[in-house]
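The values are calculated or read from the model by the stated rules, or taken from the named source; none is laboratory data. Not measured: the values here are computed from a predicted model. Note that each Cβ is placed from the backbone with ideal geometry, even for glycine, and that neighbours are counted across all protein chains shown. For accessibility, only protein heavy atoms count, side chains too; no ligands or nucleic acids. Shrake-Rupley method; radii C 1.70, N 1.55, O 1.52, S 1.80 Å.
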Amino acid sequence: MKIAYLGPQASFTQLAASQIFPSEELVPQSSILDCFNAVKNNEVDKAVVPLENSIEGTVSMTLDYLYDFEVFIETELVMPIAHHLMIHPNNETFEKVISHPQALAQTFHFRYENFKDIPSQDYSSTAASAKLVSENPQEKWAAVANRYSAKLYGLKIVHENIQDFEQNHTKFIVISKTKSALDIPLPRISEKTSLIITLPEDHAGGLHQVLSVFAWRKMNLSKIESRTLKTGLGNYFFFINVASEWHNVLSQNAIDEIISLGSNVKFLGHYNEYVVEE
């Protein structure tokens, strides 16, 4: 079985994917869009992509592609994120910090307090920034990446655990064309149902009507987030997580009632949420 993941090698996504699929072939992709396309085109069986960070919030591209592509979520993984500042072992100092925009944002206060005058540069991923530093020893660059990246690319960690908040976690999801939940031997946190709901038109009380469907059934919503449909101002879809067991009658009736209100409902799956280690 082939599993796509947001690469390159040593990315946080690969660390998550390797714990879920330790015996499968992991195929790195250069972007989240490439991961979705790999599933769509049957180049892989499943893909692992980031969904949300506890500091920086939802990965908007992932939400957009969940709306655009005909895929399902098989499971959700929560992994603690630790960032380290690393340089080439030939260097003693650095004059620029390179990393993924979210990693730079998650370490902003540390860098401001300790290296305020050193500029930063966005890069495609934390692992790619580590690889870039390793391949350019003549440049006085530093990367913000995970410990495995430092080991893989032979870099020297000069500051450990530089994330601004201790409770820094990222959620990853496994997507496929199959409407089934993935059962894995890891600590389970919860189970949930994910839906994408599009209202028929922008009118007063429209979203309230949808939320009332869950409220009177005492179905707890653990997440609701709007994303623009990119068809004009004021046009949105809503990504909703229902935190509960799936009930064949109660849950399906809730979806049917939302549809009867004129809304479009895309069922993304009912699945378990697990914890993985960094």
## Note on the structure
Rounded to whole Å, √(5λ) for the Cα gyration tensor eigenvalues of region 84-159, largest first, gives 17, 14, 11
### Task
Could you order LYS179, LYS192 by accessible surface area, starting with the largest, using a probe radius of 1.4 Å?
LYS179, LYS192
### Task
Ratio to report: Rg/Rh of the chain, with Cα atoms as the point set and Rh obtained by the Kirkwood method; give two decimals.
1.02
### Query
Which percent of the accessible heavy-atom area of the chain goes to carbon and sulfur, probe 1.4 angstrom?
49 percent
#### Entry: Theoretical ellipticity at 222 nm over the chain - DSSP helices of four or more residues, -39500 (n - 2.57) apiece, nearest 500
-8000 deg cm²/dmol
### Query
In debye, nearest 20: dipole of region 1-157 around its Cα centre with unit charges on the Cβ of K, R (+) and D, E (-)?
600 debye
### Task
Answer rounded, prolate or oblate for region 131-278, using the Cα gyration tensor with square roots of eigenvalues a ≥ b ≥ c: rounded when a/c is under 1.5, else prolate when a/b is larger than b/c, else oblate.
prolate
### Task
Distance between Cα centroids, region 46-109 to region 146-182: provide it in whole Å.
7 Å
### Summary
Scalar couplings 3J(HN,Hα) for region 170-175 by Karplus 6.51 cos²θ - 1.76 cosθ + 1.60 (θ = phi - 60°), nearest whole Hz, x for Gly and Pro, are 10, 9, 10, 10, 9, 10
### Task
Describe numerically, in nm with one decimal, the distance between label points set 7 Å from Cα along Cα→Cβ at ASN136 and at LEU33.
2.4 nm
### Query
How much accessible area does TYR236 have with a 1.4 Å probe, in Å² rounded to the nearest 10?
110 Å²
### Task
Could you rank VAL275, VAL27 by how accessible they are, 1.4 Å probe, largest area first?
VAL275, VAL27
## Note on the structure
Here region 149-154 yields Karplus 3J(HN,Hα) values (6.51, -1.76, 1.60; θ = phi - 60°; whole Hz; Gly and Pro given as x) of 4, 4, 5, 5, 9, x
### Task
Enter the accessible area of SER120 (Å², nearest 10), with the probe set to 1.4 Å and all protein chains included.
60 Å²
### Query
How about region 23-69: which GluC sites (Glu not before Pro) there are in a DSSP loop, with at most 15 other Cβ atoms within 10 Å of their Cβ?
GLU24, GLU43, GLU56
### Task
Name the residues whose placed amide hydrogens come within less than 5 Å of the amide hydrogen of VAL158, ignoring near sequence neighbours (fewer than 5 apart) on the same chain.
LEU85, MET86, ILE87
### Query
Which value, in Å² rounded to 10, gives the accessible area of MET1 with a 1.4 Å probe and all protein chains present?
100 Å²
